[in-house]
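Q: I am attaching a structure below and will ask some questions about it afterwards.
Just so it is clear, none of the values below were taken in a lab; they were calculated from the coordinates. Everything numeric in this text was worked out from a predicted model, so none of it was measured. Backbone-built Cβ (ideal geometry, glycine too); neighbour counts: all protein chains shown.
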Amino acid sequence: MAEDITFDLDFAPAYGTPVPVAAGVQRLTVNNPSPFTFHGTNTYIVGGSSVAIIDPGPENEAHFAALTAALEGREVTHIFVSHTHRDHSPLARRLKEATGALTVAEGPHRAARPLHAGETNPFAESSDTGFVPDIAIADGEVVEGDGWALAAVHTPGHTANHSAFSLEGTGVLFSADHVMAWATTIVAPPDGSMADFMTSIEKLLAREDRIFLPGHGGPVKEPASFLRGLRTHRRMRERAVLERIRAGDRLIPDMVKVIYASTDPRLHGAAALSVLAHLEDLVEKGRVATDGPPSLTGAYRPA
């Protein structure tokens, strides 16, 4: 039976204060709320006297001070970065300089596909292109510390280098921006890929995690059910795009006006990119046709 998705908007960020969220895990939320970050970016501290940091966050003085205070008396050995958007990775530089910890990530920032002729990347300014990890962690590779072990679960889709991290032996998965309880993830070409995103959903469904701790907002407490709902939601969006094309819409802005009629207008630009991500996938599958490569300004028709 198909499941729809129910979002959880009940989240108290507790800025500046570490909040226990699982055994040996604390969450410290950056005060950087926005329509894209909800109440802010979640940084996680994993371990006891010797710890790993997951997603240190943006270059934010107050958050750096709060994180430094929370880490007082503890050794930081590793800094894990789920992906290289500027609300997740930039503070890794200062934290590394302050602690001597090694940075760990899938790899540097890159687009999911090459730019088409004349195309610009709308998320270029949001990307931390200068970040290069000390350790480029392979899918399934485990990094161990004092009393903790984190395994990489590569989940491209939101970005090409997106990775979740599994706290081995606990059922806890740090799902970053791939799966969040408060909203669906932005998939914006060329940084993101809808085909990759859906493949990563199936990958996570094949796992048996107990709880997801995301990059924004509160935990996903029933991951399998939530993932099935998320998959259904994306398939419904795909059907909505196809229905608009069959109804005669040819341009993405016309589709967005109908499909996202109840969405905050500030998010319509991101919605247009999400529609483009679906259209790229549909063109690849041979269900939609366009002249030239799919683009925000292209005209679409039934294949």
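Q: Among the aspartates and glutamates, which fall within straight-line cross-link reach of LYS221, defined as a Cα-Cα distance under 20 Å, with same-chain neighbours fewer than 8 residues apart omitted?
A: GLU3, ASP4, ASP8, ASP10, GLU168, ASP177, GLU202, GLU208, ASP209
Q: Another question, then. In angstroms, what radius of gyration and Dmax does the range 1-145 have, counting Cα atoms only?
A: 16.5, 53
Q: I'd like the Kirkwood hydrodynamic radius of the range 137-196, using the inverse of the mean 1/r over distinct C-alpha pairs, in Å.
A: 12.3
Q: Taking H placed 1.01 Å from N in the peptide plane, check which residues at least 5 places from VAL288 or on another chain put their amide H under 5 Å from its amide H.
A: Result for VAL288 returns VAL283, ALA303.
Q: Same structure, new question: Where does the chain land on Rg(C-alpha)/(2.2 N^0.38 Å)?
A: Cα Rg divided by the expected 2.2 N^0.38 Å: 1.00.
Q: Give me GLU106, GLU222, GLU72, GLU238 ranked fewest to most by other Cβ atoms within 10 Å of their Cβ, as a rough exposure proxy.
A: Ranking GLU106, GLU222, GLU72, GLU238 by Cβ neighbours within 10 Å, fewest first, gives GLU72, GLU222, GLU238, GLU106.
Q: Kirkwood hydrodynamic radius, the range 237-302, all distinct C-alpha pairs: what's the number in Å?
A: Kirkwood radius, the range 237-302: 11.6 Å.
Q: Please arrange LEU273, LEU115 by how many other C-beta atoms lie within 10 Å of their C-beta, fewest to most.
A: The order, fewest Cβ neighbours first, is LEU115, LEU273.
Q: Determine the relative contact order of the chain: mean sequence separation of Cα pairs under 8 Å and six or more apart, normalised by residue count, in whole percent.
A: Contact order relative to length: 15 percent.
Q: Further question: Could you work out the equivalent-ellipsoid semi-axes for the range 41-122, taking the square root of 5 times each eigenvalue of the Cα gyration tensor, largest first, in whole Å?
A: The equivalent ellipsoid of the range 41-122 has semi-axes of 29, 13, 9 Å.
Q: Would you mind checking which residues have amide H under 5 Å from HIS85's amide H? H placed 1.01 Å from N; only 5 or more apart, or other chain.
A: Counting only residues 5 or more places away or on other chains, the set is ASP128.
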